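Structure first, commentary second.
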Amino acid sequence: MEHVPADAERWRSEDAKARASVRRTFERDKEELRRLGIPLETVEYSVHFGGEALDGYRITRRDLYVPYLRLLSEGRSPTIPSPVAGAVDPGRVAEVELRLEDAQLAIDALSHVSELSAIPMAAAARSARRKLGFDLGVERSPLPGVPLADRPGVEEVLQRMRVLSDALLGRKRVRFRYHGIRRGETTQRDVAPYGLFFRCDWYLIGHDALRDAVRVFRVARMASVEPNRSTPCTPDYEIPPDFHLEEYLGREAWELGEPSEAPVPADVLFHFPTALRAERNGYGTLAETRSDGAAVRRFAVHQIHPFLRWILSLDGEVEILGPPGLQAELHGVAAAVAALPGGQGSADG
C-alpha cells in the first residue's frame, strides 16, 4: 500500500489508527472489485533487492478488457476487418458487432442460464441479461422494464449540497437545523466545513461550534442551510493542517456518528464462507466462532439504517442475533425495500 499515492504517507506513518484506516480501505476496495467480478490475481513480489518476499494483487489487462458492443440493425451483416496492415486505428477501442436477432437469442440463452441456481455463473448471467436487454431497448427486449426512482428528498439534498460545497470552497461557516436520529432532537448548528464525502449518503464534516469539536453531519437531516454572508470573499476559518479527510473515508456509514452518543452494540452471525470474508476485511470484532465455520462478530453501530442496508446487501448470508429491537428494524427496512418499484428483484449487479 506504500505504492498507492493517496495512502502512502499515512501507511508509512507510525500512527496505528491511520495504518488501520488504510488497511480497511484497501480491503474494502479489494472486496468490492471481487464482488463486481473483476479478477484479482495474487502474486509474490520482492522488496529490498530481493531480501523480503511479499504477497500482492494484480489485475491483468487481458482478463478485464471488454470491447464495445455494437448492435446492428436488421438486415445488416457484421463488418469483416480489413486485412491490410495498419488499417486498424491503434487509438480506437475495438468493437464487437452483434446482429439484433443474435442478441435476442443471447437474451434467451442468458435467461435459461440465470434460472439454473446450481450454476456458479447464474448471477453473472442475470447481470449480463439485464445489460444486454438495456441495449436492445424496450421495444425489442423481452425483459420487463426496470423502474428507476430517486430517493425521497433528493432535490432538497442537492440544493443543500450546492450551498455546502460553495461554503467549503470559500471557507465560509454555515448554519442549519439538524435532526439527531438517536435523540430525536433538532438543534441549531454553526459549522466550519472541512470536507464533504459520500458513504451511502452525503456527509459534511467540520468544526461544530455547539460541541466545540469536529463532527459529522448527514446532509439529508439538515434543514434551512445558510452560509455566513457577512464579509463576503473573506475566509471565516482555515482547515487545520492535521485534519485528514481520508481518516473518515475509511469508515463505514454506520460508524459515522456523534462520539457523545453511545453506539448500539449489534451481534451478527456470519455463515461460512462469508465469515472468512468478514475476518479478512475486519468487519466488527470477533465474539464467537462456531464448529461449522460460522462466526459471530460484534459491531458498534452509530447509524442504524446504513448498517441494516448493508446487512440486506449480504443476501441472507448473515443474521442479526441482537439486540431484538435491531432485528425488528431489519424486518421493517426489508419490507420497505420490497415495497419499492422493482423491490422484489435480485440484488445482483
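The values are calculated or read from the model by the stated rules, or taken from the named source; none is laboratory data. In this text, all values refer to a predicted model and were calculated from it rather than measured experimentally. For neighbour counting, all protein chains shown are included, and Cβ atoms are generated from backbone atoms with ideal geometry for every residue, glycine included.
Below is a table of values for the structure above.
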read-out: Matching residues, the range 173-228, being touching a residue at least 40 places away in the same chain (Cβ under 8 Å), over 23 Å from the mean Cα position of the chain (by Cα) and under 26 Å from Gly325 (Cα atoms); value: Tyr178, His179, Gly180, Arg182, Arg183
read-out: Qualifying residue in the range 56-65 (condition: farther than 20 Å from Arg280 by Cα, surrounded by 11 or more Cβ atoms within 10 Å (Cβ to Cβ) and at pLDDT 65 or above); value: yes
read-out: Flag for Thr289 being hydroxyl-bearing (Ser, Thr, Tyr) and more than 23 Å from Glu32 (Cβ to Cβ); value: yes
read-out: The range 244-253: number of residues that are touching a strand residue (DSSP E or B) at 6+ places or on another chain (Cβ under 9 Å), surrounded by 15 or more Cβ atoms within 10 Å (Cβ to Cβ) and either part of a loop (DSSP other than H, G, I, E, B) or basic (Lys, Arg) (or both); value: 2
read-out: Members of the range 232-244 found to be modelled with pLDDT of 85 or more and either more than 30 Å from Leu168 (Cβ to Cβ) or of a type outside the set (D, E, K, R) (or both), listed by number; value: Thr234, Pro235, Tyr237, Ile239, Pro240, Pro241, Phe243, His244
read-out: Selection status of Asp201, in the same structural domain as Leu164 (by TED's automatic domain parsing) and modelled with pLDDT of 90 or more; value: no
read-out: Residue identified as within 20 Å of Lys30 (Cα to Cα), surrounded by fewer than 16 Cβ atoms within 10 Å (Cβ to Cβ) and of a type in the set (A, V, I, L, M) among Leu286, Leu276; value: Leu276
read-out: Where a residue in the range 240-251 is within 9 Å of Thr25 (Cβ to Cβ) and its partner, wherever it lies, is of a type outside the set (Lys, Arg) and outside any loop (DSSP other than H, G, I, E, B), with Cβ under 6 Å and at least six apart; value: Leu249/Phe197; Gly250/Ser21; Gly250/Thr25
read-out: Candidate set: the range 98-114, residues that are closer than 25 Å to Ile38 by Cβ and not small (Gly, Ala, Ser); chosen: the one modelled with the lowest pLDDT; value: Leu98
